[in-house]
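> Here it is: the structure, laid out below.
The values are calculated or read from the model by the stated rules, or taken from the named source; none is laboratory data. Model, not experiment: these values are computed from the prediction. FYI the Cβ positions are ideal-geometry reconstructions off the backbone, even for glycines, and counts take in every protein chain you see. The accessibility values were calculated without ligands, DNA or RNA, using every heavy atom of the protein model including side chains. Shrake-Rupley method; radii C 1.70, N 1.55, O 1.52, S 1.80 Å.
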Amino acid sequence: MTPLLLVASFLAAWPPAFPEHVRSQEQLLLSSLGLSGRPRFAGGSRNRHRVPPALWRMFRRSEDRPDGDRDSCLVSEFGVRGNIIRYVQDQGRLMSGGCRTCLVKQLFFNVSVLQPAEQLSLAQLDIKLHWTLGSAGVLQRPRALSVSLYRVVRATLRGADPEVNRRLVLSQSVQLQPEPASVIINITSLAESWRTPGRNYGLVLELLPVNENPEDLLSFHPGGSFSLDPVFTLPAVEASLVVVSLSTSQCRSRRRRSAIKVPVIPTHVCNARRLYIEFKEVGWNDWVIAPQGYMANYCHGECPFPLSETLNGTNHAILQTLVHSLDPRGTPQPCCVPIRLSPISMLYYDNNDNVVLQHYQDMVVDECGCR
(Lines give C-alpha, C1' and ligand atoms only; values in the text may rest on other atoms or scores of the structure.)
Protein backbone atom coordinates (compact mmCIF):
# COMPACT_ATOMS: atom_id res chain seq x y z
CA MET A 1 0.00 0.00 0.00
CA THR A 2 1.39 3.42 -0.96
CA PRO A 3 2.16 6.02 1.78
CA LEU A 4 -0.70 8.28 0.66
CA LEU A 5 -3.22 5.46 0.73
CA LEU A 6 -1.88 4.04 3.99
CA VAL A 7 -2.13 7.37 5.81
CA ALA A 8 -5.59 8.03 4.38
CA SER A 9 -6.72 4.63 5.65
CA PHE A 10 -5.43 5.48 9.15
CA LEU A 11 -7.27 8.79 9.13
CA ALA A 12 -10.52 7.23 7.99
CA ALA A 13 -10.40 4.72 10.84
CA TRP A 14 -9.81 7.22 13.67
CA PRO A 15 -12.28 9.61 15.36
CA PRO A 16 -11.76 13.39 15.01
CA ALA A 17 -9.59 13.54 18.16
CA PHE A 18 -6.56 11.94 16.55
CA PRO A 19 -3.77 10.51 18.75
CA GLU A 20 -0.39 12.16 18.31
CA HIS A 21 1.10 9.42 16.11
CA VAL A 22 -1.90 9.62 13.79
CA ARG A 23 -1.47 13.40 13.58
CA SER A 24 2.10 12.85 12.43
CA GLN A 25 0.82 10.50 9.74
CA GLU A 26 -1.68 13.16 8.70
CA GLN A 27 1.15 15.69 8.42
CA LEU A 28 3.01 13.25 6.18
CA LEU A 29 0.01 13.06 3.87
CA LEU A 30 -0.41 16.85 3.82
CA SER A 31 3.28 17.20 2.94
CA SER A 32 2.72 14.81 0.04
CA LEU A 33 -0.05 17.14 -1.11
CA GLY A 34 2.41 20.05 -1.03
CA LEU A 35 0.86 21.59 2.10
CA SER A 36 2.63 22.62 5.29
CA GLY A 37 -0.54 21.96 7.31
CA ARG A 38 -4.31 21.93 7.08
CA PRO A 39 -5.32 25.04 5.12
CA ARG A 40 -7.00 27.61 7.35
CA PHE A 41 -8.72 30.74 6.06
CA ALA A 42 -9.38 33.56 8.52
CA GLY A 43 -12.08 35.11 6.34
CA GLY A 44 -14.35 32.08 6.57
CA SER A 45 -15.50 29.71 3.83
CA ARG A 46 -18.07 32.19 2.47
CA ASN A 47 -15.38 34.72 1.59
CA ARG A 48 -13.10 32.28 -0.18
CA HIS A 49 -12.28 32.75 -3.83
CA ARG A 50 -14.71 30.95 -6.08
CA VAL A 51 -13.50 28.03 -8.14
CA PRO A 52 -12.78 29.22 -11.71
CA PRO A 53 -15.24 27.60 -14.17
CA ALA A 54 -12.33 26.37 -16.31
CA LEU A 55 -10.93 24.46 -13.33
CA TRP A 56 -14.31 22.89 -12.61
CA ARG A 57 -14.50 21.70 -16.22
CA MET A 58 -11.01 20.21 -16.02
CA PHE A 59 -11.85 18.42 -12.77
CA ARG A 60 -15.08 16.95 -14.15
CA ARG A 61 -13.33 15.76 -17.30
CA SER A 62 -10.67 14.06 -15.18
CA GLU A 63 -13.40 12.39 -13.11
CA ASP A 64 -15.41 11.20 -16.13
CA ARG A 65 -12.35 9.90 -17.98
CA PRO A 66 -14.22 8.61 -21.06
CA ASP A 67 -10.82 7.54 -22.37
CA GLY A 68 -9.52 5.07 -19.79
CA ASP A 69 -5.99 5.35 -21.18
CA ARG A 70 -5.68 9.14 -20.92
CA ASP A 71 -2.37 10.38 -19.56
CA SER A 72 -2.94 11.93 -16.13
CA CYS A 73 0.41 13.73 -16.37
CA LEU A 74 -0.61 15.76 -19.41
CA VAL A 75 -2.75 18.91 -19.16
CA SER A 76 -4.37 18.75 -22.57
CA GLU A 77 -6.15 22.09 -22.09
CA PHE A 78 -2.76 23.84 -22.20
CA GLY A 79 -0.75 21.24 -24.11
CA VAL A 80 1.95 20.89 -21.43
CA ARG A 81 3.14 18.20 -19.05
CA GLY A 82 1.87 18.56 -15.51
CA ASN A 83 -0.30 17.13 -12.76
CA ILE A 84 -0.86 20.26 -10.62
CA ILE A 85 -2.90 23.26 -11.82
CA ARG A 86 -3.04 26.28 -9.50
CA TYR A 87 -4.98 29.52 -9.82
CA VAL A 88 -2.67 31.84 -7.88
CA GLN A 89 -4.47 34.93 -6.59
CA ASP A 90 -3.23 38.45 -7.15
CA GLN A 91 -1.99 40.07 -3.92
CA GLY A 92 -1.24 43.47 -5.47
CA ARG A 93 -2.96 46.83 -5.01
CA LEU A 94 -4.11 49.89 -6.91
CA MET A 95 -1.48 52.59 -7.26
CA SER A 96 -1.84 56.34 -7.70
CA GLY A 97 -1.50 57.13 -11.39
CA GLY A 98 -0.15 60.26 -13.00
CA CYS A 99 -3.37 61.10 -14.83
CA ARG A 100 -7.09 61.31 -14.17
CA THR A 101 -8.10 58.87 -16.89
CA CYS A 102 -5.56 56.08 -16.37
CA LEU A 103 -5.43 53.10 -14.04
CA VAL A 104 -2.19 51.78 -12.52
CA LYS A 105 -2.21 48.52 -10.55
CA GLN A 106 0.49 46.47 -8.94
CA LEU A 107 0.21 42.72 -9.55
CA PHE A 108 1.92 40.28 -7.22
CA PHE A 109 1.74 36.49 -7.32
CA ASN A 110 3.33 34.32 -4.65
CA VAL A 111 4.93 31.48 -6.61
CA SER A 112 6.72 30.18 -3.51
CA VAL A 113 3.70 27.87 -3.15
CA LEU A 114 5.48 25.63 -5.69
CA GLN A 115 7.62 22.97 -4.06
CA PRO A 116 11.32 22.93 -5.04
CA ALA A 117 10.91 19.51 -6.71
CA GLU A 118 8.10 20.75 -8.97
CA GLN A 119 8.96 21.53 -12.57
CA LEU A 120 7.20 24.65 -13.84
CA SER A 121 5.50 23.89 -17.16
CA LEU A 122 3.35 26.99 -17.69
CA ALA A 123 2.55 30.32 -16.05
CA GLN A 124 -0.27 32.11 -17.82
CA LEU A 125 -1.42 35.53 -16.69
CA ASP A 126 -5.13 36.22 -17.18
CA ILE A 127 -6.21 39.88 -16.84
CA LYS A 128 -9.98 40.43 -16.90
CA LEU A 129 -11.49 43.89 -17.33
CA HIS A 130 -14.95 44.15 -15.80
CA TRP A 131 -17.14 47.16 -16.51
CA THR A 132 -19.28 48.65 -13.75
CA LEU A 133 -22.64 50.34 -14.24
CA GLY A 134 -22.62 54.10 -14.06
CA SER A 135 -25.58 56.34 -13.20
CA ALA A 136 -28.91 55.34 -14.74
CA GLY A 137 -27.48 51.94 -15.65
CA VAL A 138 -25.17 53.30 -18.33
CA LEU A 139 -21.71 51.90 -19.03
CA GLN A 140 -19.50 54.86 -19.82
CA ARG A 141 -16.14 53.99 -21.33
CA PRO A 142 -13.66 54.61 -24.15
CA ARG A 143 -13.74 52.66 -27.39
CA ALA A 144 -10.29 51.15 -26.82
CA LEU A 145 -7.70 50.81 -24.08
CA SER A 146 -3.93 50.78 -24.23
CA VAL A 147 -2.71 47.94 -21.99
CA SER A 148 0.90 48.04 -20.82
CA LEU A 149 2.50 45.50 -18.51
CA TYR A 150 5.86 46.02 -16.82
CA ARG A 151 7.98 43.77 -14.64
CA VAL A 152 9.64 45.34 -11.63
CA VAL A 153 13.33 44.41 -11.60
CA ARG A 154 14.23 45.81 -8.18
CA ALA A 155 12.70 47.57 -5.20
CA THR A 156 12.30 51.34 -5.52
CA LEU A 157 13.70 53.57 -2.82
CA ARG A 158 11.42 56.19 -1.32
CA GLY A 159 11.42 59.35 -3.40
CA ALA A 160 12.99 57.68 -6.45
CA ASP A 161 11.31 57.41 -9.86
CA PRO A 162 9.61 53.97 -9.89
CA GLU A 163 9.66 53.80 -13.70
CA VAL A 164 13.46 53.46 -13.66
CA ASN A 165 13.11 49.96 -12.20
CA ARG A 166 10.48 48.77 -14.70
CA ARG A 167 10.92 46.78 -17.91
CA LEU A 168 8.18 46.54 -20.53
CA VAL A 169 6.68 43.05 -20.95
CA LEU A 170 3.65 43.78 -23.12
CA SER A 171 1.99 46.71 -24.85
CA GLN A 172 -1.17 46.30 -26.87
CA SER A 173 -4.49 47.93 -27.66
CA VAL A 174 -7.75 46.26 -26.64
CA GLN A 175 -10.88 47.04 -28.62
CA LEU A 176 -13.79 47.20 -26.19
CA GLN A 177 -17.16 45.51 -26.47
CA PRO A 178 -20.15 45.41 -24.09
CA GLU A 179 -18.84 42.13 -22.67
CA PRO A 180 -15.87 41.92 -20.27
CA ALA A 181 -12.48 41.94 -21.97
CA SER A 182 -9.61 39.55 -21.24
CA VAL A 183 -5.86 39.73 -21.87
CA ILE A 184 -3.89 36.47 -21.63
CA ILE A 185 -0.07 36.47 -21.46
CA ASN A 186 2.44 33.63 -21.17
CA ILE A 187 4.99 34.62 -18.50
CA THR A 188 6.50 31.18 -17.79
CA SER A 189 10.15 32.30 -17.93
CA LEU A 190 9.42 35.29 -15.71
CA ALA A 191 7.58 33.17 -13.14
CA GLU A 192 10.49 30.73 -13.12
CA SER A 193 12.83 33.57 -12.13
CA TRP A 194 10.43 34.51 -9.32
CA ARG A 195 11.11 31.16 -7.66
CA THR A 196 14.56 32.45 -6.65
CA PRO A 197 14.22 34.11 -3.21
CA GLY A 198 14.36 37.90 -3.39
CA ARG A 199 13.70 38.08 -7.15
CA ASN A 200 9.92 38.57 -7.16
CA TYR A 201 9.06 42.28 -7.19
CA GLY A 202 5.82 41.78 -9.09
CA LEU A 203 4.34 43.51 -12.12
CA VAL A 204 2.77 46.87 -12.88
CA LEU A 205 -0.29 47.13 -15.10
CA GLU A 206 -1.26 50.42 -16.77
CA LEU A 207 -4.56 51.06 -18.55
CA LEU A 208 -5.03 54.20 -20.61
CA PRO A 209 -7.79 55.19 -23.07
CA VAL A 210 -6.42 55.30 -26.60
CA ASN A 211 -8.25 58.61 -27.17
CA GLU A 212 -9.58 60.89 -24.44
CA ASN A 213 -11.67 63.18 -26.66
CA PRO A 214 -15.37 63.25 -25.73
CA GLU A 215 -16.37 62.20 -29.24
CA ASP A 216 -14.27 59.02 -28.82
CA LEU A 217 -16.09 57.92 -25.66
CA LEU A 218 -18.78 55.30 -25.92
CA SER A 219 -21.66 54.59 -23.53
CA PHE A 220 -23.50 51.29 -23.63
CA HIS A 221 -27.09 50.99 -22.43
CA PRO A 222 -28.33 47.57 -21.28
CA GLY A 223 -31.22 47.89 -23.74
CA GLY A 224 -28.79 47.65 -26.62
CA SER A 225 -28.47 51.30 -27.68
CA PHE A 226 -25.22 53.27 -27.75
CA SER A 227 -24.70 56.95 -27.02
CA LEU A 228 -21.86 59.42 -26.55
CA ASP A 229 -21.01 60.76 -23.11
CA PRO A 230 -18.04 62.89 -22.04
CA VAL A 231 -17.82 61.21 -18.62
CA PHE A 232 -16.57 57.63 -18.42
CA THR A 233 -15.13 55.08 -16.00
CA LEU A 234 -12.22 52.70 -16.36
CA PRO A 235 -12.84 48.97 -15.80
CA ALA A 236 -12.25 47.03 -12.63
CA VAL A 237 -9.25 44.73 -12.97
CA GLU A 238 -9.14 41.10 -11.85
CA ALA A 239 -5.91 39.19 -12.43
CA SER A 240 -4.97 35.59 -11.77
CA LEU A 241 -2.00 33.43 -12.64
CA VAL A 242 -2.62 29.93 -13.92
CA VAL A 243 0.39 27.83 -12.93
CA VAL A 244 0.87 24.30 -14.28
CA SER A 245 3.65 22.22 -12.73
CA LEU A 246 4.87 18.66 -12.77
CA SER A 247 5.60 16.83 -9.53
CA THR A 248 8.05 14.11 -10.53
CA SER A 249 7.43 12.15 -7.33
CA GLN A 250 3.70 11.95 -8.08
CA CYS A 251 3.86 11.71 -11.87
CA ARG A 252 5.77 8.81 -13.35
CA SER A 253 4.24 8.78 -16.84
CA ARG A 254 1.67 6.20 -15.88
CA ARG A 255 -1.64 6.30 -17.66
CA ARG A 256 -5.11 6.30 -16.21
CA ARG A 257 -6.91 3.00 -16.10
CA SER A 258 -10.58 2.24 -16.32
CA ALA A 259 -12.20 1.89 -12.90
CA ILE A 260 -12.05 -1.61 -11.43
CA LYS A 261 -15.10 -2.83 -9.54
CA VAL A 262 -13.99 -4.56 -6.36
CA PRO A 263 -16.02 -7.72 -5.65
CA VAL A 264 -18.13 -7.77 -2.51
CA ILE A 265 -17.95 -11.56 -2.04
CA PRO A 266 -16.01 -12.17 1.21
CA THR A 267 -13.05 -14.52 0.98
CA HIS A 268 -10.10 -15.38 3.21
CA VAL A 269 -7.59 -15.32 0.34
CA CYS A 270 -5.76 -12.24 -0.93
CA ASN A 271 -8.16 -9.84 -2.61
CA ALA A 272 -9.06 -6.17 -2.94
CA ARG A 273 -11.55 -5.03 -0.28
CA ARG A 274 -13.75 -1.96 -0.39
CA LEU A 275 -12.70 1.12 1.57
CA TYR A 276 -14.45 4.45 1.07
CA ILE A 277 -12.66 7.50 2.48
CA GLU A 278 -14.99 10.44 3.21
CA PHE A 279 -13.14 13.73 3.71
CA LYS A 280 -15.81 15.05 6.07
CA GLU A 281 -15.11 12.24 8.53
CA VAL A 282 -11.43 13.17 8.75
CA GLY A 283 -12.16 16.90 9.03
CA TRP A 284 -10.90 17.86 5.58
CA ASN A 285 -14.19 19.04 4.08
CA ASP A 286 -13.42 22.70 4.91
CA TRP A 287 -10.57 22.83 2.38
CA VAL A 288 -11.13 19.90 0.01
CA ILE A 289 -13.58 21.18 -2.60
CA ALA A 290 -14.11 17.96 -4.56
CA PRO A 291 -14.56 15.07 -4.46
CA GLN A 292 -16.34 14.60 -1.14
CA GLY A 293 -14.63 11.23 -0.87
CA TYR A 294 -13.35 8.36 -2.96
CA MET A 295 -13.23 4.56 -3.08
CA ALA A 296 -9.64 3.86 -2.03
CA ASN A 297 -9.91 0.09 -1.36
CA TYR A 298 -7.19 -2.00 0.29
CA CYS A 299 -5.61 -5.46 0.05
CA HIS A 300 -6.25 -8.17 2.61
CA GLY A 301 -6.17 -11.94 2.81
CA GLU A 302 -3.88 -14.95 2.87
CA CYS A 303 -1.52 -16.25 0.21
CA PRO A 304 -1.98 -20.00 0.77
CA PHE A 305 -0.13 -22.92 -0.81
CA PRO A 306 -0.46 -23.65 -3.63
CA LEU A 307 -0.84 -20.21 -5.15
CA SER A 308 -3.42 -20.11 -7.92
CA GLU A 309 -3.19 -17.83 -10.97
CA THR A 310 -5.99 -15.66 -9.57
CA LEU A 311 -3.70 -14.56 -6.71
CA ASN A 312 -1.23 -12.96 -9.15
CA GLY A 313 1.77 -14.42 -7.37
CA THR A 314 5.34 -13.94 -8.54
CA ASN A 315 7.73 -16.87 -8.95
CA HIS A 316 9.35 -15.80 -5.70
CA ALA A 317 5.97 -15.83 -3.92
CA ILE A 318 5.21 -19.30 -5.29
CA LEU A 319 8.50 -20.63 -3.92
CA GLN A 320 7.99 -18.82 -0.62
CA THR A 321 4.58 -20.45 -0.08
CA LEU A 322 6.18 -23.81 -0.79
CA VAL A 323 8.90 -23.24 1.81
CA HIS A 324 6.29 -21.88 4.26
CA SER A 325 4.25 -25.07 3.92
CA LEU A 326 7.37 -27.06 4.92
CA ASP A 327 8.64 -24.64 7.59
CA PRO A 328 5.72 -22.42 8.74
CA ARG A 329 7.61 -21.06 11.79
CA GLY A 330 10.80 -20.16 10.00
CA THR A 331 9.34 -18.71 6.77
CA PRO A 332 6.34 -16.36 6.61
CA GLN A 333 3.69 -16.43 3.91
CA PRO A 334 3.95 -13.90 1.05
CA CYS A 335 2.17 -10.60 1.65
CA CYS A 336 -1.07 -9.48 0.04
CA VAL A 337 -0.25 -6.13 -1.59
CA PRO A 338 -1.55 -3.82 -4.34
CA ILE A 339 -0.20 -4.70 -7.77
CA ARG A 340 -2.31 -2.28 -9.80
CA LEU A 341 -3.39 1.19 -8.73
CA SER A 342 -5.03 4.16 -10.43
CA PRO A 343 -5.02 7.92 -9.78
CA ILE A 344 -7.62 10.36 -8.53
CA SER A 345 -8.01 14.12 -8.97
CA MET A 346 -8.49 16.53 -6.05
CA LEU A 347 -9.72 20.11 -6.13
CA TYR A 348 -8.79 22.04 -2.97
CA TYR A 349 -7.65 25.30 -1.35
CA ASP A 350 -3.99 25.53 -0.38
CA ASN A 351 -2.47 27.48 2.53
CA ASN A 352 -2.65 30.73 0.51
CA ASP A 353 -6.31 30.22 -0.44
CA ASN A 354 -5.37 29.44 -4.05
CA VAL A 355 -7.59 26.95 -5.85
CA VAL A 356 -5.56 23.89 -6.85
CA LEU A 357 -6.38 20.93 -9.07
CA GLN A 358 -3.96 18.05 -8.63
CA HIS A 359 -3.81 14.55 -10.05
CA TYR A 360 -2.42 11.95 -7.64
CA GLN A 361 -1.02 8.64 -8.81
CA ASP A 362 -1.52 5.32 -7.02
CA MET A 363 -4.47 6.32 -4.85
CA VAL A 364 -7.03 3.61 -5.71
CA VAL A 365 -6.30 -0.10 -5.35
CA ASP A 366 -7.57 -1.85 -8.46
CA GLU A 367 -6.00 -5.29 -8.02
CA CYS A 368 -4.06 -7.23 -5.38
CA GLY A 369 -1.51 -10.00 -5.54
CA CYS A 370 0.88 -12.08 -3.45
CA ARG A 371 4.44 -10.80 -3.21
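> As an exercise, use a Förster radius of 30 Å and the Cβ-Cβ distance of Cys335 and Ser36 to find the FRET efficiency, rounded to the nearest 0.05.
Efficiency at R0 = 30 Å is approximately 0.35.
> Can you tell me the length gained on complete extension of the stretch Gln175 to Asn315, counting 0.36 nm per residue apart and subtracting the Cα distance?
43.5 nm
> Students sometimes get this wrong: rank Arg167, Arg195, Arg57, Arg329 by accessible area, probe 1.4 Å, all chains present, largest first.
Arg329, Arg57, Arg167, Arg195
> In the stretch 144-201, if every C-alpha pair distance is counted and binned at 10 Å from zero, what percent goes to each bin?
Histogramming the stretch 144-201 at 10 Å steps yields 18, 39, 29, 13, 0 percent.
> Right, something else. If I take R0 = 30 Å and measure r between the Cβ atoms of Asp353 and Met95 in this structure, what FRET efficiency does the formula 1/(1 + (r/R0)^6) give, to the nearest 0.05?
Given R0 = 30 Å and the Cβ-Cβ separation, E is 0.80.
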